[in-house]
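One structure, as structure tokens, below. Some questions next.
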Amino acid sequence: MGLRINDIVPNFTAETDQGTITFHDWIGDSWAILFSHPKDFTPVCTTEFGAVSQLADEWAKRDTKVIGLSVDGTEEHVKWKSDIEGFSGAPAGFPIIADEFLEVSKLFDMLPAEAYLPDGRTAADSASVRSVFIISPDKKVQLIMTYPMSVGRNFAEVLRALDGLQKTFGAPLATPANWTAGQDVIVALSLSDDEARAKFGDVDIKLPYLRTIKDPA
């Protein structure tokens, strides 16, 4: 059985370009996002890590730690960061896990258990290692996205999804299609109309099962 939403994420100890981490300890009481990549010095991944670097202030505002993963070693990660920073114009302050033996990729169900990397490996050998995991402070998976090699990830969407997750975490709320921070949110069906009014005040009943309120920022 693969990793699913609301599963506790695997704990592991791994080397990064910033030293050894134990994943659950590294997360601490924060939200966390793990971005995985099939290889260093690849074009799409360079643009993606550049986008992550440029959003450093946004991650910090949301008390969210970001960590990368690639199937090369720490020395390659350090060299690659120079390219990432030169391309993006922003410091790449997040750690990158060195997953040379695919241990973390397999723990997170990104590759089959029997997968291995041949000599002279290319990004195609680990192509499915292109995932995003958003993890809540209780160490549970809240969202998983997986992309093909040919399509760069949309980090505005990752940030939007993080906002929605934080808005609804532990609250009887949901967000509608295309929601962005500040827009109306949906009241969960676990509350009756009277309970919703008692908790949130004015409730806009658009349909018996679709009730919205102003964003309770």
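Counting only other residues whose beta carbon sits under 13 Å from that of Asn178, what net charge do I get with K and R as +1, D and E as -1?
Residues near Asn178 contribute -2 overall.
Using 29 Å as the Cα-Cα cut-off, could you pick out the over-long pairs in Lys61/Lys206; Lys140/Lys199; Lys39/Lys65?
Violating the 29 Å Cα-Cα cut-off are Lys61/Lys206.
What is the calculated FRET efficiency for Tyr209 to Thr13, with r their C-beta to C-beta distance and R₀ = 45 Å, to the nearest 0.05?
0.45
If you don't mind, another one. Can you tell me what the convex hull of the Cα atoms of the chain projects to on average, as an area in nm²?
Taking a quarter of the hull surface, the average projection is 13.2 nm².
Let me ask something else about it. If I fit a long axis through the Cα atoms of helix 74-88 and take the longest principal axis of the Cα atoms of the chain, what angle between them do I get, 0 to 90°, rounded to 10?
That works out to roughly 60 degrees.
Report the relative contact order of the chain, percent, no decimals, based on alpha-carbon pairs under 8 angstrom and at least 6 residues apart.
Reported relative contact order: 21 percent.
Taking a probe of 1.4 angstrom, what is the accessible area of Lys199 in Å², to the nearest 10?
That residue has around 120 Å² of solvent-accessible surface.
Which aspartates and glutamates, if any, have their Cα less than 13 Å from the Cα of Lys106, not counting same-chain residues under 8 positions apart?
Here the aspartates and glutamates satisfying the reach criterion relative to Lys106 are Glu114.
Using the scaling law 2.2 N^0.38 Å as the reference, what is the normalised Cα Rg of segment 1-112?
The value comes to 1.03.
Let me ask you something else. Suppose only helical runs count, i.e. DSSP H with n ≥ 4. What mean residue ellipticity at 222 nm does that imply for the chain under -39500 (n - 2.57) per run, divided by all residues and rounded to the nearest 500 deg cm²/dmol?
-8500 deg cm²/dmol
Which percent of the Cα-Cα distances in segment 22-88 go past 14 Å?
60 percent
I'd like the accessible area for Ile186: 1.4 Å probe, protein heavy atoms, all chains in place, Å² to the nearest 10.
Using a 1.4 Å probe on the heavy atoms, I get roughly 30 Å².
Next up: Roughly how big is segment 53-94's charge dipole about its Cα centre, with Cβ charges of +1 (Lys, Arg) and -1 (Asp, Glu), in debye to the nearest 20?
160 debye
Aspartates and glutamates near Lys214 by alpha-carbon distance under 13 Å, same-chain residues fewer than 8 away left out - which ones?
In chain and number order, the partners are Asp184, Asp202, Asp204.
The values are calculated or read from the model by the stated rules, or taken from the named source; none is laboratory data. Worth saying up front: this structure is predicted, and the values here are computed from it rather than measured. Counting neighbours? That spans all protein chains shown, and the Cβs are built from the backbone with ideal geometry, glycine included. SASA here: full protein model, heavy atoms, side chains in, ligands and nucleic acids out. Shrake-Rupley method; radii C 1.70, N 1.55, O 1.52, S 1.80 Å.
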